[in-house]
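Novice: Have a look at this one.
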Amino acid sequence: MSHHLSRWHNVVGHEKSQRACLWRGCTEMMNKGSLARHVVSRHLRAGASCGFCSKVYSRADVARRHARKCKVANATMQSDLT
C-alpha cells in the first residue's frame, strides 16, 4: 500500500510529516507513515481475526499482536505440554 500511495498518489516525504487522507470525503490528518495503515483499516475495511479465539480486529498487525498473548492460545499450549 505504501508503494502504491507514493507511486500513484505522490505521497512522499518524511514518515513524520503530516498528511491529509486522500480518500474522498475523509478529512483525517495523520503522519505520512500511518497513511497506508489508515486506508487499509478504515476505507478498505481489511480486518483480521485471532486464529485461536476468533476475536476480530480492524488490522492484521493488531490481530497478530493479540495472538501472541491470547489466553486461549496459551491455555492450549499449556495443555499440550502436559
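The values are calculated or read from the model by the stated rules, or taken from the named source; none is laboratory data. Small disclaimer: the values here were computed from a predicted structure and weren't measured. Neighbour counts run over all protein chains shown; Cβ positions are idealised from the backbone, glycine included. Surface accessibility is based on the protein's heavy atoms, side chains included, excluding ligands, DNA and RNA. Shrake-Rupley method; radii C 1.70, N 1.55, O 1.52, S 1.80 Å.
Novice: Just one of (1) modelled with pLDDT of 90 or more; (2) on the phi < 0 side of the Ramachandran plot; (3) open to solvent by 50 Å² or more (accessible area, probe 1.4 Å); (4) assigned to a loop (DSSP other than H, G, I, E, B) trips up ARG65, so point out which.
Specialist: All conditions pass for ARG65, except number (4).
Novice: Give the residues of region 68-82 that are crowded, with 16+ Cβ neighbours inside 10 Å and either modelled with pLDDT of 90 or more or closer than 24 Å to VAL11 by Cα (or both), sorted by residue number.
Specialist: CYS70
Novice: Pull up region 1-26, narrow it to residues that are of a type in the set (D, E, K, R) and closer than 14 Å to ARG37 by Cβ, then point me to the one that is surrounded by the fewest Cβ atoms within 10 Å (Cβ to Cβ).
Specialist: As a first pass, look at region 1-26 and keep what is of a type in the set (D, E, K, R): 7, 15-16, 19, 24.
This time we only want the ones that are closer than 14 Å to ARG37 by Cβ, so: 15, 19.
On the way: GLU15: 10, ARG19: 18.
The qualifying residue surrounded by the fewest Cβ atoms within 10 Å (Cβ to Cβ) is GLU15.
Novice: In region 27-60, what residues are touching a Lys or Arg at 6+ places or on another chain (Cβ under 8 Å), surrounded by fewer than 15 Cβ atoms within 10 Å (Cβ to Cβ) and in a strand (DSSP E or B)?
Specialist: Residues satisfying the conditions are MET29, MET30, ASN31, SER49.
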